[in-house]
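Any read-out appearing in this document is the output of simple, stated calculations on the displayed coordinates, not a laboratory observation. Computed from a predicted structure; not experimentally measured. Cβ sites come from the backbone with ideal geometry, for glycine too, and all protein chains shown count toward neighbours.
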Amino acid sequence: MKKNVLVHNKSVHIYDRNQPQDTIEVLVPGIYYYGNDRHHLRYEEQLEDHGNPVTNYLEADGEEMTITRKGAVQTKMTFRTGVLSLFVYETPHGVFQMGVRTHEYRMSGDDERLQFDLHYTLENNGRTVSECLMRITVTQGADRD
């Protein structure tokens, strides 16, 4: 896969089965490379309620995926099937101790396309905040010099 890619990130958050779900979808350019037996991806995302973009760094192999976010929000989340991972989520509104319980993580792809699928529960103080489904698809982007 080429260095310049397109990143399509679709996240569905279910807070209460009796309420409508919250869907967040972004399509942005990114930078991809493969090294040290892991896929590496960097892309920026503009959050609705913040002026500065958030830079996302994704690092993944067949066993786990780590997403580091830097900017208006800061965190480092690790997803591994069957594991509860604790992390700190820093926002302009405060700092929160959170957890992700990964129910399923899958990675698939070839030279033209990569796909990362996650099903996890987001927790705060041992209580479920939301159930989440995330799909990140990485495809060839336009060449940039």
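Restrict the search to region 1-67; then list the trypsin sites (Lys or Arg not before Pro) that DSSP places in a loop and that have at most 16 other Cβ atoms within 10 Å of their Cβ.
Taking region 1-67 and a limit of 16 other Cβ atoms within 10 Å, the loop trypsin sites (Lys or Arg not before Pro) found are Lys2, Lys3, Arg17.
Calculate the length of the line joining the C-alpha centroid of region 15-65 to that of region 72-123, in whole Å.
Measuring centre to centre over Cα atoms gives 9 Å.
Once you place label points 7 Å from the Cα toward the Cβ at Ser11 and Asp110, how far apart are they in nm?
3.1 nm
At a Förster radius of 41 Å, what calculated FRET efficiency corresponds to the Cβ-Cβ distance of Thr55 and Thr128, to the nearest 0.05?
With a Förster radius of 41 Å, E is 0.90.
Could you tell me the relative contact order of the chain? Use alpha-carbon pairs under 8 Å, at least six residues apart, and round to a whole percent.
Values: 374 pairs, mean separation 32.0, N = 145.
Computed over the chain, the figure is 22 percent.
Can you sort Thr102, Thr66, Thr81 from fewest to most other Cβ atoms within 10 Å of each residue's own Cβ?
Numbers: Thr102 21, Thr66 17, Thr81 14.
Result, fewest neighbours first: Thr81, Thr66, Thr102.
Using Cα-Cα distances under 8 Å and only pairs 6 or more residues apart, what relative contact order does region 65-141 have, in percent? List each step's numbers first, then the result.
Working: 172 pairs, mean separation 15.7, N = 77.
Rounded, it is 20 percent for region 65-141.
Please arrange Arg106, Arg135 by how many other C-beta atoms lie within 10 Å of their C-beta, fewest to most.
Arg106, Arg135
How large is the dipole of region 4-140 about the Cα centre if only Lys and Arg carry +1 and Asp and Glu carry -1, each at its Cβ, rounded to the nearest 20 debye?
240 debye
Dipole of region 4-140 (Lys/Arg Cβ +1, Asp/Glu Cβ -1, origin at the Cα centre): which of His93, Ile136, Tyr120 lies farthest to the positive side?
Sorting the options by dipole projection puts first His93.
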